[in-house]
Amino acid sequence: MPERFDVVVVGAGPAGSTAALVLARAGRSVALVERGHFPGAKNMYGGVIYGGVLDEVLPRWREEAPLQRWVVRRATMITTATQSLTVDFSSRSWASPPYNGATAYRSEFDRWLADEAAAAGADLVCSTTATGLLRDGAGRVMGVRTDRPDGDLLADVVIACDGVNSFLAREAGLYPGFDAGNITLGAKEVLWLPREEIESRFGVSGREGVDIEILGCTSGAPGGGFLYTNLDTIAVGVVVTLQGLAATRRRPEQIIAELKAHPAVAPYVRGGELKEYNAHLIPEGGYDAMPELATDGMLVAGDAAGLCLAAGIWLEGVNYAIGSGFAAGRTANEALTAGDTSVAGLAGYRRRLEAGFVLGDHRKLRRAPHLVLSERMQQHYPQLVCGLAERVFSVDNTRPKAGFVGWGRAELRRSSVRLRDVARDAYTAVRSYG
């Protein structure tokens, strides 16, 4: 006989575990279903966790979560094959509470957050895959099928947090226009170095860390690179569009190898011992590529809802997953209390996301993914910016200095970028980031 719960949450990543935690604390019976052997077993992460969204549910997370380093320095590096220009910012205020962001291993962080949900009363069910939706005669979602014998799980609400290629959201008809063009592949290497060597190379000490985002380093495929510090490892990797990767006829590890060999990156990674290589699909289509977020008896959160902000200077995902999981848990609890888990009864979910930072940020920056991944931003502007910087900082005693206007015109001619395209992209950037 199928087991019955108030809510079944599929996927024990940050979104699913947060939703399960909220519901369990509200006294609801919750099954948190995870296909990995443990939460985080199938996840990779190439950036920084901005965990302030956890303050309301886990106010001591800064002391209790398995974090690596607090990021006190952020940099954006623009590269060509032989050049680099870096905008580097550090803040001492980021080195003390409430901090700003922290690096972490997802295998550790996800397990910790899922354990918090289990400690609150959620049933954590690992090594179990949700293979489909259960529906009643009216087509309403009433649970999930799993790959376990007699493993159907009945529930008044299903919360799908099953990743970027959400099988459940697609089966429910919430992704009518699913487009692989909105998906990127993140691949990274984790390299071991002595802790003191990392601190010497990156200019930090104690628990201080560094996050560097890199543009122009992906062999012509739209995307970007990253480099960040853990306690005794560094992570280096790339994020590229699937279509762009296919067009280059290169494997992700080849692109990473070229990034590691770049003159601006090689001094950071030289001599690192490879400890791990992994890859993960990432939703980067932004606000316009998101699915419907609710149907009768079901909500969608985290990567399954396309909640990842790829806006150049802001590359965030875990905080949006946690925020959406928190909203999904609260909405499901209210719907259960009201006895209405129809799509109308679950409508508060989108209202919560729209009123807060989750959809507020995505809506404001809806044009940013197309701008950031455009050919001009990926290939022409790095050449233009680095070329201009080289002209500015080169000393030529054979002629008077041309000045910024003259240098800029020369680089525009050399790059074949049209001034009206620069103006159009600048207008889009102002509308997005302004």
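Assorted remarks:
- Qualifying residue in the range 36-45 (condition: more than 30 Å from Gly216 (Cβ to Cβ), buried (at least 24 other Cβ atoms within 10 Å of the Cβ) and in contact with a Gly (Cβ under 9 Å, 6 or more places away or on another chain)): yes
- Put simply, of Ala15, Ala41, Ala26, Ala31 the only residue that is assigned by TED's automatic domain parsing to the domain that holds Leu315 and in contact with a Ser or Thr (Cβ under 6 Å, 6 or more places away or on another chain) is Ala15.
- Annotation note: of Ser96, Ser84, the sole residue that is modelled with pLDDT of 95 or more, of a type outside the set (D, E, K, R) and outside the structural domain of Leu23 (by TED's automatic domain parsing) is Ser84.
- When residues of the range 386-404 are limited to those that are of a type in the set (A, V, I, L, M, F, W, C) and without any contact (Cβ under 8 Å) to a residue 24 or more places away in the chain, the one surrounded by the most Cβ atoms within 10 Å (Cβ to Cβ): Leu388
- Which numbered condition Ala180 misses (of (1) more than 17 Å from Leu293 (Cα to Cα); (2) of a type in the set (A, V, I, L, M); (3) surrounded by 15 or more Cβ atoms within 10 Å (Cβ to Cβ)): (3)
- In the range 329-361, residue farthest from Leu174 (Cα to Cα) [restricted to those that are without any contact (Cβ under 8 Å) to a residue 12 or more places away in the chain and aliphatic (A, V, I, L, M)]: Ala338
- Number of positions in the range 409-420 that are surrounded by 14 or more Cβ atoms within 10 Å (Cβ to Cβ) and under 20 Å from Gln378 (Cβ atoms): 4
- Counting only strands (runs of 3 or more DSSP E) that sit completely within the range 230-335, those holding 1 or more residues that are charged (D, E, K, R) correspond to 273-283.
- Top-ranked residue in the range 70-100 [being of a type in the set (Ser, Thr, Tyr) and part of a strand (DSSP E or B); ranked as nearest to Tyr228 (Cα to Cα)]: Thr76
The values are calculated or read from the model by the stated rules, or taken from the named source; none is laboratory data. Keep in mind that this is a model prediction, so the values were computed, not measured. Reconstructed Cβ throughout: ideal geometry from the backbone, glycine too, with neighbour counts over all protein chains shown.
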